[in-house]
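No lab work stands behind these numbers, since they all come straight from the coordinates. Note that this is a predicted model, so its numbers are computed, not measured. Reconstructed Cβ throughout: ideal geometry from the backbone, glycine too, with neighbour counts over all protein chains shown.
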Amino acid sequence: MIPTIKQIAKKANVSIATVSRALNNDVRVTIKTKEKVLSISNDLNYKPNLVARNFVKKTSYAIGLILPDISDEFFTDIIRGVDEITYKNGYYTMVASSHKHRTLADSIATFSQTGLVGGVILLMSAMTNDLKNILDQAKIPVVLIGAGKQERDFDIVTIDNYQGAFNATEYLIKKKKFKKIAHITGPAENYDAYLRKKGFIDACKKNDVRINKSFIVDGNFTIDSGYHGFIQLYGLPEKPEAIFAANDMMALGCYDAAHYFNVKIPDDISLVGFDDIFMSKYINPSLTTVRVQIEEVGKAAASLLIERLNNSNGKHHSLIKIPTELIIRNSC
């Protein structure tokens, strides 16, 4: 049987209104009564009815998190970071993903028009005019993760993609003395991927390393695209000495392809990734990669949204850039 406020009130010998105030940290309730109510509610494992709570208080204690996918480890860490902050602040997190059956616009409309959520965190690879119009019309606060070119009309959390890619490429050039370096890119429409590619190219140019056009191959941030990218690169007459994959998932695909073709990492070819997902340090050899504090991205986005919901950051829109760090392991 699901416990109710009425049961808590009976056990605590107080009114239902007092229980409600205690659970909502109302200053009119004494500390002694509040502790008693909270203790009983914990013993009963009481969970508030979110819809009823929203209706009574005319506000929402849920936030929406919209991701392009929820199977990738990167997105799992985003969810973990967001949920940690929302939970600490008395909010719930509702997660939705855009996929072949539901577009990003559909997910935004669902969250913004139902009244179930007070605000939305949206991870997006690039801003379009249509999406901007939808977000402008939404009557709830929105925080963007990524978002492409900086959209100053919104609160944004982003990763320092350019500098991370630049540092990784310069490490291969300066420390490892490589001259033949390849790059497997992310999706063409993804602005994070664009910045990582630009960081790679600029580091090569700064250090007078010739960029072989055939050494830059298209990927889409999936293991499969990394697998095929590796085959394409290693099948060239002039083979690269090292590969910088634009994310760790594609780097894992490179491992699979290298194993299949009996190519040794790092003896035959070196490899660097980007993200530092959980698997990166456990694969053999462990992956040198650009570490992104992925949970911190989620935490920063959730904190911004809660500040916006509490009207504590006014009309000013914030831009938070999460720094990266090159983690040296055994793949190069």
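Numerical summary
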item: Helix 104-114 axis, angle to the chain major axis (alpha carbon atoms, nearest 10°); result: 10 degrees
item: Long-range tail of P(r) for the chain (Cα pairs > 39 Å, %); result: 29 percent
item: Crossing angle, helix 294-309 versus the chain [Cα axis fit, 0-90 degrees, rounded to tens]; result: 40 degrees
item: Within region 225-309, trypsin sites (Lys or Arg not before Pro) in DSSP loop having at most 10 other beta-carbon neighbours inside 10 Å; result: K264
item: Efficiency of FRET from Cβ geometry, Y260 and L44, R₀ 56 Å, rounded to 0.05; result: 0.50
item: Extension reserve of the I31-N284 stretch, reckoned as 0.36 nm per residue once the Cα distance is removed; result: 85.5 nm
item: Beta bridge orientation in the chain: antiparallel %, DSSP, nearest 5; result: 10 percent
item: Qualifying lysines (Cα of each under 23 Å from Cα of K198; at least 8 residues distant if same chain); result: K149, K174, K175, K176, K177, K179, K180, K206, K213, K239, K321
item: Set of lysines near K32 by C-alpha distance (under 20 Å), chain-local residues within fewer than 8 positions excluded; result: K6, K10, K11
item: Candidate lysines - alpha carbon under 16 Å from K88, same-chain residues fewer than 8 apart omitted; result: K47, K299
item: Rounded tilt (10° steps) of 161-170 against the dominant C-alpha axis of the chain; result: 30 degrees
item: Within region 166-263, GluC sites (Glu not before Pro) in DSSP loop having at most 12 other beta-carbon neighbours inside 10 Å; result: E189, E238
item: Rounded to the nearest 20 debye, dipole of the chain from Cβ charges on Lys, Arg, Asp, Glu; result: 1160 debye
item: Distance between modelled label sites at Q7 and D202, nm, 7 Å Cα→Cβ extension; result: 6.0 nm
item: Rough spin-label spacing in nm, given labels placed 7 Å along Cα→Cβ, for N133 and E325; result: 4.5 nm
item: Shape parameters for region 5-47, alpha-carbon atoms, Rg then Dmax in Å; result: 8.8, 24
item: Inter-part distance where region 163-198 and region 202-240 are each reduced to a Cα centre, Å; result: 10 Å
